[in-house]
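Data block below; observations after.
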Amino acid sequence: MYLSGKVGVVTGASRGIGGAVARAFAASGADVMINYVSRAQDALTVAADVEAMGRRAVLFQADVSRPEEANRLVENALSSFGRLDILVNNAGITRDALLLRMKDEDWEAVVNVNLTGAFNCTRAAARSMIKARWGRIINISSVIGLMGNAGQANYAAAKAGLIGFTKAAARELGPRNITVNAVAPGFIRTEMTAGLSDAVKERLSERVILGRLGEPEEVADAVVFLAGDAARYITGQVLSVDGGMVL
Ligand code: NAD
């Protein structure tokens, strides 16, 4: 088992890509802390799947954009499992609007969850990883952080910021044997993209060399790779999982 004996904390793991990562971690032998902010029933479903694979799942409700809640999330992982090997900063939201119409609260909410949330959780988790002299941090960015998108200035800024954060954290934590990488998914079939019209989905798919939207499990496979031993000499990188959308 590729992640045997490891413990992973996955933020925003109640559905979508985070849920797929939690399941893929369990399938690879890791125990998982499933963070969610609302919709506990969804998180319970993911936990049941993890347990069905013979791994431990612990649920923890926390809004990662609040530093004290991110701290409690990490403290709870350490007290529940006695260790924390892998952190996946996956929690994310969109609040799309054209620049001139974007409200302050749309900007702030998106930056606070997608970027500050990753900082809050990384700062909280890094201490125990430094002590253990081993750790893996994986930040879920986006193709939008690489190429921008009209109507998503807040999201593009947060996801591009997350790439800068990944590189800085990789430099700081590398000497402690902690790798920090980002994954940049393309358009993936989750709730976040469910609201797009068929016409928009078709237009987006046309930009994808592989000609279709991606599945959450296809992102999760890349996260599992980065979390395990095969990726031990990879840090500060951005791995696009986008069917060739950004070349
Ligand atoms: P989703 O909406 O299905 O899931 C988002 C998850 O984040 C949910 O579990 C939600 O509860 C959680 N979350 C939201 N705010 C939170 C908060 N303050 N604290 C803790 N958890 C919070 O979306 P998804 O598509 O699975 O997105 C997962 C990640 O992947 C996000 O960071 C998103 O930006 C990124 N991403 C998604 C796509 C895509 O096409 N779906 C593409 C690129 C990047």
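Mind checking which pairs have a first residue in region 100-121 that is over 18 Å from I163 (Cα atoms) and open to solvent by less than 70 Å² (accessible area, probe 1.4 Å) and a second that is more than 9 Å from the ligand (Cβ to nearest atom) and of a type in the set (G, A, S), Cβ under 7 Å, 6 or more apart or different chains?
Between residues of region 100-121 that are over 18 Å from I163 (Cα atoms) and open to solvent by less than 70 Å² (accessible area, probe 1.4 Å) and residues that are more than 9 Å from the ligand (Cβ to nearest atom) and of a type in the set (G, A, S), the close pairs are M102/A153; D106/A97.
Does N149 qualify as being polar (S, T, N, Q), in contact with a helix residue (DSSP H, G or I) (Cβ under 9 Å, 6 or more places away or on another chain), within 13 Å of the ligand (Cβ to nearest atom) and free of Cβ contacts under 8 Å to residues at least 12 places away in the same chain?
Yes: the conditions hold for N149.
Being of a type in the set (G, A, S), touching a Ser or Thr at 6+ places or on another chain (Cβ under 9 Å) and either free of Cβ contacts under 8 Å to residues at least 60 places away in the same chain or closer than 28 Å to R176 by Cα (or both), is that true of even one residue in region 49-60?
no
Hey, can you tell me all the residues within region 107-121 that are more than 11 Å from the ligand (Cβ to nearest atom) and touching a helix residue (DSSP H, G or I) at 6+ places or on another chain (Cβ under 6 Å)?
Those that are more than 11 Å from the ligand (Cβ to nearest atom) and touching a helix residue (DSSP H, G or I) at 6+ places or on another chain (Cβ under 6 Å): W107, V111.
For region 226-246, what are the residues that are hydroxyl-bearing (S, T, Y) and either open to solvent by less than 20 Å² (accessible area, probe 1.4 Å) or within 19 Å of P175 (Cβ to Cβ) (or both)?
Correct list: Y233, T235.
Only one of these is touching a residue at least 24 places away in the same chain (Cβ under 8 Å), touching a strand residue (DSSP E or B) at 6+ places or on another chain (Cβ under 6 Å) and either crowded, with 21+ Cβ neighbours inside 10 Å or polar (S, T, N, Q) (or both): T94, T166. Name it.
Every option except T166 fails the conditions.
The values are calculated or read from the model by the stated rules, or taken from the named source; none is laboratory data. Here the structure is a predicted model, which means the values were calculated and not measured. All Cβ positions, glycine included, derive from the backbone under ideal geometry; neighbour counts span all protein chains shown. What goes into the accessible areas is simple: the full protein's heavy atoms, side chains included, and nothing from ligands, DNA or RNA. Shrake-Rupley method; radii C 1.70, N 1.55, O 1.52, S 1.80 Å.
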